[in-house]
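For reference, the structure discussed in these notes is given below.
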Amino acid sequence: MLKFIFQRVLQALPVLFLVSLVTFIMIRSAPGGPFDEDRSVPPEVIKSLNERYHLDDPLWKQYLDYIINVVQGDLGPSFKYPSHTVNDLIAAGLPATLELSFYALLFALIAGLTAGVVASLRANSLQDYIPMSAAMIGICMPTFVLGPILLLIFGIWLGWLPVAGWGEIPGDKILPSITLGSVYAAYIARISRGGMLDILSQDYIRTARAKGLSTTRIVFVHALRGGITPVVS
């Protein structure tokens, strides 16, 4: 496992370098600068600001300094919020981001695995078509469309859940988690269905059924461990 992780990290480094280089060049090639919106600032002040942030250095030196700082964990100053660094801004929003990501992943796993397993038990029936159709809708519908729809139905029409806030009351985390996790739940549902269908057709599953084992025992004890392998991967 450590060897596999090490190989993947080595493969990711050139990709990260190329993405950072292309992004850096595109941003620097765009017309204007971070202080151009300050129309009332004299040119002398703009020149001093560019010197302060090393924006007047050659492009290769700016990129080299940027890479050195990133390797050291310093993402540089924020041009929009002069009294803050990029690290400060990320740190301020990171706890809520991690919490939302955890809830969204939890919802995606529970909803996706449940839908995939239920659909696989009766393939090509309504029990299969309904959850897989919902999964296809979840894949195709972007979160910025799904979010307002859930907000309108459960927040405004039904009044079951709050429409804003984070951490003020427990229910305010439900709609954001569902919105973010729905697309992943849809992918997991389709992947787990395929994995379960493959496992349920194996000889040892037929043997278990011939011995009279219940469907619940067959699914959760014998089939699920192999069926969710694609999801784990």
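For the chain, the Cβ-based charge dipole about the Cα centre amounts to some 1460 debye (Lys, Arg positive; Asp, Glu negative; other atoms uncharged).
For segment 182-233, the set of chymotrypsin sites (Phe, Trp or Tyr not before Pro) satisfying both a DSSP loop assignment and a count of at most 16 other C-beta atoms within 10 Å is empty. A 1.4 Å probe run over segment 1-105, with the rest of the protein chains in place, finds 80 Å² accessible per residue. Fully extending the segment from residue 15 to residue 99 would add 27.4 nm, taking 0.36 nm per residue of separation and subtracting the current Cα-Cα distance. Need one word for segment 149-233: rounded, prolate or oblate. Basis is the Cα gyration tensor (sqrt eigenvalues a ≥ b ≥ c); a/c below 1.5 gives rounded, then a/b vs b/c decides. Prolate, because a/c is 1.5 or more and a/b exceeds b/c.
Of the residues 20, 86, 10, the one whose Cα sits farthest toward the positive end of the charge dipole of segment 1-150, with +1 on the Cβ of Lys and Arg and -1 on the Cβ of Asp and Glu, is 10. For segment 15-132, what does the alpha-carbon gyration tensor say about shape, rounded, prolate or oblate, given a ≥ b ≥ c as the root eigenvalues, a/c under 1.5 as rounded, and a/b over b/c as prolate? Prolate. Once Lys and Arg get +1 and Asp and Glu get -1 on their Cβ, which of 176, 195, 208 lies farthest toward the positive end of the dipole of segment 171-215? In segment 171-215, that residue is 208. Give the Debye-formula value of log10 I(q)/I(0) at each listed q (0.11, 0.17, 0.23, 0.29 Å⁻¹), with one equal scatterer per alpha carbon of segment 69-138, two decimals each. Normalising to I(0) and taking log10 leaves -0.53, -0.71, -0.97, -1.14. Residues whose amide H comes within less than 5 Å of that of residue 85, counting only those at least five positions distant or on another chain, are 78 (H built at 1.01 Å from N in the peptide plane).
Share of carbon and sulfur in the accessible area of segment 130-206 stands at 71%, probe radius 1.4 Å.
Computed over the chain, the percent of Cα pairs more than 34 Å apart is 45.
Looking at segment 62-125, which chymotrypsin sites (Phe, Trp or Tyr not before Pro) are in a loop (DSSP not H, G, I, E or B) and have at most 15 other Cβ atoms within 10 Å? Qualifying residues, ordered by number: 79. Each Lys and Arg contributes +1 and each Asp and Glu -1, all at the Cβ; summed about the Cα centre of segment 119-233, the dipole is approximately 540 debye. Compute the separation of the alpha-carbon centres of segment 162-233 and segment 92-153 and state it in Å as a whole number. If you average the Cα positions of each part, the centres end up 11 Å apart. Toward the positive end of the charge dipole of the chain, with +1 on the Cβ of Lys and Arg and -1 on the Cβ of Asp and Glu, the farthest Cα among 58, 43, 139 is that of 139. Converting phi to 3J(HN,Hα) with the Karplus coefficients 6.51, -1.76 and 1.60 and the offset θ = phi - 60°, segment 186-202 yields 5, 5, 4, 4, 6, 5, 5, 4, x, x, 5, 4, 5, 6, 5, 8, 6 Hz in sequence order, with x at every glycine or proline.
The values are calculated or read from the model by the stated rules, or taken from the named source; none is laboratory data. Everything numeric in this text was worked out from a predicted model, so none of it was measured. Note: ideal-geometry Cβ built from the backbone for every residue, glycine included; neighbour counts use all protein chains shown. All accessible areas refer to the heavy atoms of the entire protein, side chains included, with ligands and DNA or RNA removed. Shrake-Rupley method; radii C 1.70, N 1.55, O 1.52, S 1.80 Å.
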